[in-house]
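First comes the structure, then the notes that go with it.
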Amino acid sequence: MNETRQQYLSQPDKYKSLVWDYNLQPRDFFVILDGDAKKGWFDREWATARVLENANYYDAIALVDMDYLSKQWGQIKRRLFKPDIKHGYEYLLRKRALSTAK
């Protein structure tokens with residue numbers, strides 16, 4: 001578990017910035033985010049979209065599996081409401097793809 005995740009687990013206000021509108025425990029959320037479980041319609045794509053839209057960039061990069069994000073971007077992108085967030089992560093993924101292709 002990385003330091004960023006530990007902060008979200010130990011600081012309720014920080015965690016609530018991700019999931020303020022659902023009664024979902026932090027540990028359950030991170031199990032879903034890791035793809036280790038699904039709870040009703042809460043799935044990994046949903047959890048990833050919540051992090052991308054509600055966490056700051058540095059926290060999001062530390063919390064989200066970038067390989068998963070890259071592979072599932074087409075699905076996750078549809079769940080994002082904020083155009084600036086979509087464009088920002090799309091740029092990041094294109095830049096990341098170019099840097100790994102070298």
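Bear in mind these aren't lab numbers, they're just calculated from the coordinates by the rules spelled out. These numbers were taken from a predicted model, which means no experiment stands behind them. Reconstructed Cβ throughout: ideal geometry from the backbone, glycine too, with neighbour counts over all protein chains shown.
A few notes on this one:
- For Lys38, the shell of other residues with beta-carbons less than 14 Å away shows a net charge of -3, using +1 for Lys and Arg and -1 for Asp and Glu.
- Distribution of pairwise C-alpha distances over the stretch 30-75, 5 Å bins, in %: 5, 24, 34, 27, 10, 1
- For the pair Ala37 and Gln7, a Förster radius of 25 Å applied to the C-beta separation gives a FRET efficiency near 0.70, rounded to the nearest 0.05.
- Under Stokes-Einstein, with the Kirkwood radius over Cα pairs as Rh, the value for the chain at 4 °C and 1.567 mPa s is 93 µm²/s.
- Net charge of Cβ neighbours under 13 Å - reference Asn2; Lys, Arg +1; Asp, Glu -1: -3
- Positive-end residue, the stretch 3-101 charge dipole about Cα centroid, Cβ charges, pick of Trp41, Ala62, Leu9: Trp41
- Each residue, Asn54 and His87, gets one label point 7 Å from its Cα in the Cβ direction; the gap between the two is 2.5 nm.
- For the stretch 42-100, the average shadow cast by the Cα convex hull is 3.8 nm², which is a quarter of the hull's surface.
- The stretch 34-84, relative contact order [Cα under 8 Å, separation at least 6], %: 41
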